[in-house]
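The values are calculated or read from the model by the stated rules, or taken from the named source; none is laboratory data. Not measured: the values here are computed from a predicted model. Using ideal geometry, Cβ is built from the backbone for each residue, glycine included, and neighbour counts are taken over all protein chains shown.
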Amino acid sequence: MDEDITGAQLVAESLLAQKVEYMFGVVGVPIIEVAIAAQAVGIKYVGMRNEQAACYAASAIGYLTGRVVSCCPPPPVSMAESGAVTQALSILKASKRPLIIIGKGAAFARAETVLRKFVETSGLPFLPTPMGKGVLPDDHPNCVAAARSRALLQADVILLLGARLNWILHFGRPPRFDPKVKIIQVDLCPEEMGNNVRPAVALLGDISAVVSQLLQSLKVDTWKYSPNTEWWSSLRLKIAANTKISQSLALQPTLPMNYYTVFHNISELLPHDCIIVSEGANTMDIGRTMLNNYLPRHRLDAGTFGTMGVGLGFAIAAAVMEKSKVNGQRIICVEGDSAFGFSGMEAETMCRYNLPIIVIVVNNNGIYSGVDPETWKEMAKLGDLTTVAPPVTLLPEARYDNVMAAFGGRGFLIRTVEELRSALELSLSDWEKPCLLNVLIDPSSDRKQQEFPWLTRSNL
Ligand SMILES: Cc1ncc(C[n+]2csc(CCOP(=O)(O)OP(=O)(O)O)c2C)c(N)n1
Ligand SMILES: [Mg+2]
């Protein structure tokens, strides 16, 4: 081996050999040399402010590019066993209330084209998981996301495509699911099969390949689920009722604004091809229902583990990728005020690299809820805030907009619909700088009445 090659160069060369394009990190002795060597071989180095955010950014690149797979020789595409395909179809055909659940695995497998054909050929209703949103557009006529609880509870057969039956899907169990529901589970990971619910049939394989198999068999039989079933009418009724409730909340003229008003106005202005990054509790949950996705892999959120702090790293990763394209897309990062705080200093990273990310902090002065400035002052008079302030509270009306402005980005303080719309329009026209919209909302604003609370192991 050439003695003049340094260890840092070796690391850089081997990363390049594996087609690594981006490196995210925080340097210090002796890592500086590695970052410099990476840049010397053409790898883009993004200096972050915290390693955690750097890791989140790197994981987002992996998800968006599929590079985890493509850096190695392409793995063989595995198909499901044909007997299992036949069995799956006969269960689907016998079903009265079928449902397809589209998970993140379908997005990662790039199954969108074949899946669209399958949904349209079969006529089945579908429901995306949070990061399965956009594999098929949220405004597709077969999407029943607005009737999620009913669809999950009353389905008698579920075709589960690359989604885990974890807490996000309420473990596939009562009271959120019919105890007799038959699950047709399609997954690439054998270890996912049968987690929490034993599937009626398991189709182990690549989601695109397995859906193609299902589609082919379907075409042979020319079977289609009728659009005139009781199931479809019941789902449609629920969609209409829920949409009406969300609409009326969205159109409430009272100030401070509520979540629904904020999201309704944002969604009206966002370009259809933008990448939406989101984290928070109410902010993320309500945003999932109110902010549509139209393209696959255009939503990144706290997902399976609900880890707060991922948002800014995800947004930076998406933005550096989009910046290198000719027709790069906008990155909209919708953050709860608590969620923003976890990696807030990455605002400096956004400003340093001129990444035109639009950060929208939905600021309710706390974790799930907060108090208004007057109540906060009154509370402070009652005693030491560490003993009297509810643990969920954060500083009322904190100026997160000034954090972005401190580094040269634009910051907006927003209280009204008009301010929100004009700041967002202005931000969307700026392709040079990051912007932060600090949207002050009613600290007691909440989700619309839910039929069920989140089901976690602790309250199972
Ligand atoms: C790393 C990490 N720490 C703590 C939590 C607990 N947690 C769940 S949601 C949340 C923040 C919710 O508040 P916010 O982001 O302001 O959204 P809101 O519900 O107020 O809209 C926290 C801290 C978590 N999920 N992840
Ligand atoms: Mg909050």
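Residue check: is Val262 in the same structural domain as Leu436 (by TED's automatic domain parsing), within 16 Å of ligand 1 (Cβ to nearest atom) and either touching a residue at least 60 places away in the same chain (Cβ under 8 Å) or over 20 Å from Ala57 (Cβ atoms) (or both)? Criteria met by Val262.
For every residue, the table says whether it meets (1) over 30 Å from Ala80 (Cβ atoms); (2) buried (at least 21 other Cβ atoms within 10 Å of the Cβ); (3) not acidic (Asp, Glu).
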position	(1), (2), (3)
Val220	no, no, yes
Asn228	yes, no, yes
Leu251	yes, no, yes
Thr254	yes, no, yes
Tyr259	yes, yes, yes
Asn265	yes, no, yes
Met284	yes, yes, yes
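Taking segment 290-306 on its own, how many of its residues are of a type in the set (A, V, I, L, M, F, W, C) and more than 16 Å from ligand 1 (Cβ to nearest atom)?
1
Restricting attention to segment 357-386, which residues are crowded, with 21+ Cβ neighbours inside 10 Å, part of a loop (DSSP other than H, G, I, E, B) and within 16 Å of ligand 2 (Cβ to nearest atom)?
Taking segment 357-386 and keeping what is crowded, with 21+ Cβ neighbours inside 10 Å, we get 357-366, 370-371.
With the extra rule that they be part of a loop (DSSP other than H, G, I, E, B), the set shrinks to 357, 364-365, 370-371.
Those that are crowded, with 21+ Cβ neighbours inside 10 Å, part of a loop (DSSP other than H, G, I, E, B) and within 16 Å of ligand 2 (Cβ to nearest atom): Asn364, Asn365, Gly370, Val371.
Taking the conditions (1) within 16 Å of ligand 2 (Cβ to nearest atom); (2) basic (Lys, Arg); (3) over 24 Å from Ile414 (Cβ atoms) in turn, Arg288 satisfies each one other than (3). Pairs please, first residue from segment 361-382 and within 30 Å of Gly311 (Cα to Cα) and in contact (Cβ under 8 Å) with a residue 24 or more places away in the chain, second anywhere and within 15 Å of ligand 2 (Cβ to nearest atom) and charged (D, E, K, R), Cβ atoms under 6 Å, 6+ apart in sequence or on different chains. Going by the 6 Å Cβ cut-off, the qualifying pairs are Val361/Glu335; Val361/Asp337; Asn363/Asp337; Pro373/Glu397.
Just to be sure, is Tyr294 of a type in the set (Phe, Trp, Tyr), modelled with pLDDT of 95 or more and either closer than 19 Å to Asn50 by Cα or in contact with a Pro (Cβ under 6 Å, 6 or more places away or on another chain) (or both)? Let's see the steps before the verdict.
Numbers: of a type in the set (Phe, Trp, Tyr): yes; modelled with pLDDT of 95 or more: yes; either closer than 19 Å to Asn50 by Cα or in contact with a Pro (Cβ under 6 Å, 6 or more places away or on another chain) (or both): yes.
Here the answer is yes, as Tyr294 does meet what is asked.
Take segment 164-179 and flag every residue that is of a type outside the set (Phe, Trp, Tyr), surrounded by fewer than 20 Cβ atoms within 10 Å (Cβ to Cβ) and closer than 20 Å to Ala107 by Cβ. Listed by number, the residues that qualify are Asn166, Ile168. Residue count for segment 6-39, restricted to those that are of a type in the set (S, T, N, Q) and buried (at least 18 other Cβ atoms within 10 Å of the Cβ): 1. Cβ-Cβ contacts under 6 Å between residues 6 or more apart (or on different chains), taken from a first residue in segment 153-171 that is closer than 17 Å to Met284 by Cβ to a second residue that is in a strand (DSSP E or B), are absent.
Restricting attention to segment 22-36, does a residue exist that is part of a helix (DSSP H, G or I), more than 28 Å from Gly344 (Cα to Cα) and either among the basic types (Lys, Arg) or outside the structural domain of Gln213 (by TED's automatic domain parsing) (or both)?
Kept after step one, since they are part of a helix (DSSP H, G or I), are these residues of segment 22-36: 32-36.
Then keep just the ones that are more than 28 Å from Gly344 (Cα to Cα); that gives none.
Checked against the condition, which is being part of a helix (DSSP H, G or I), more than 28 Å from Gly344 (Cα to Cα) and either among the basic types (Lys, Arg) or outside the structural domain of Gln213 (by TED's automatic domain parsing) (or both), segment 22-36 yields no hits at all.
Of all the listed residues (Asn327, Asn354), the sole one being away from ligand 2 (no atom under 16 Å from the Cβ), free of Cβ contacts under 8 Å to residues at least 40 places away in the same chain and part of a loop (DSSP other than H, G, I, E, B) is Asn327.
Among the candidates Ala406, Ala389, the residue that is surrounded by 15 or more Cβ atoms within 10 Å (Cβ to Cβ) and either at pLDDT 95 or above or within 15 Å of ligand 2 (Cβ to nearest atom) (or both) is uniquely Ala389.
Restricted to segment 393-425, and to residues that are in contact with a Cys (Cβ under 8 Å, 6 or more places away or on another chain) and in a helix (DSSP H, G or I), which residue is nearest to Asn258 (Cα to Cα)? Step through it out loud before you land on a result.
Residues of segment 393-425 that are in contact with a Cys (Cβ under 8 Å, 6 or more places away or on another chain), as a first pass: 404, 407-412, 423.
Filter once more, keeping what is in a helix (DSSP H, G or I): 404, 423.
Working: Met404: 24, Ala423: 18 Å.
The qualifying residue nearest to Asn258 (Cα to Cα) is Ala423.
Screening Ser422 against (1) within 15 Å of ligand 2 (Cβ to nearest atom); (2) without any contact (Cβ under 8 Å) to a residue 60 or more places away in the chain leaves a single unmet condition, (1). Inside segment 330-351, residues that are near ligand 1 (Cβ under 8 Å from one of its atoms), of a type in the set (Gly, Ala, Ser) and either within 17 Å of the chain's Cα centre (by Cα) or assigned to a loop (DSSP other than H, G, I, E, B) (or both) make up a count of 2. Taking segment 69-126 as the range and being closer than 20 Å to Val157 by Cα and aromatic (Phe, Trp, Tyr) as the test, the residues that pass are Phe118, Phe126. Taking segment 119-152 as the range and being in a helix (DSSP H, G or I) and either free of Cβ contacts under 8 Å to residues at least 24 places away in the same chain or under 20 Å from the mean Cα position of the chain (by Cα) (or both) as the test, the residues that pass are Val119, Glu120, Pro130, Met131, Gly132, Ala145, Ala146, Ala147, Arg148, Ser149, Leu152. Hey, does segment 410-420 have a residue that's crowded, with 23+ Cβ neighbours inside 10 Å, hydroxyl-bearing (Ser, Thr, Tyr) and within 20 Å of Asp337 (Cα to Cα)? Within segment 410-420, not a single residue is crowded, with 23+ Cβ neighbours inside 10 Å, hydroxyl-bearing (Ser, Thr, Tyr) and within 20 Å of Asp337 (Cα to Cα). Screening Ser338 on (1) within 14 Å of ligand 2 (Cβ to nearest atom); (2) under 21 Å from Ile286 (Cβ atoms); (3) out of contact with any Leu (no Cβ under 9 Å at 6 or more places or on another chain) shows it passes everything except condition (3).
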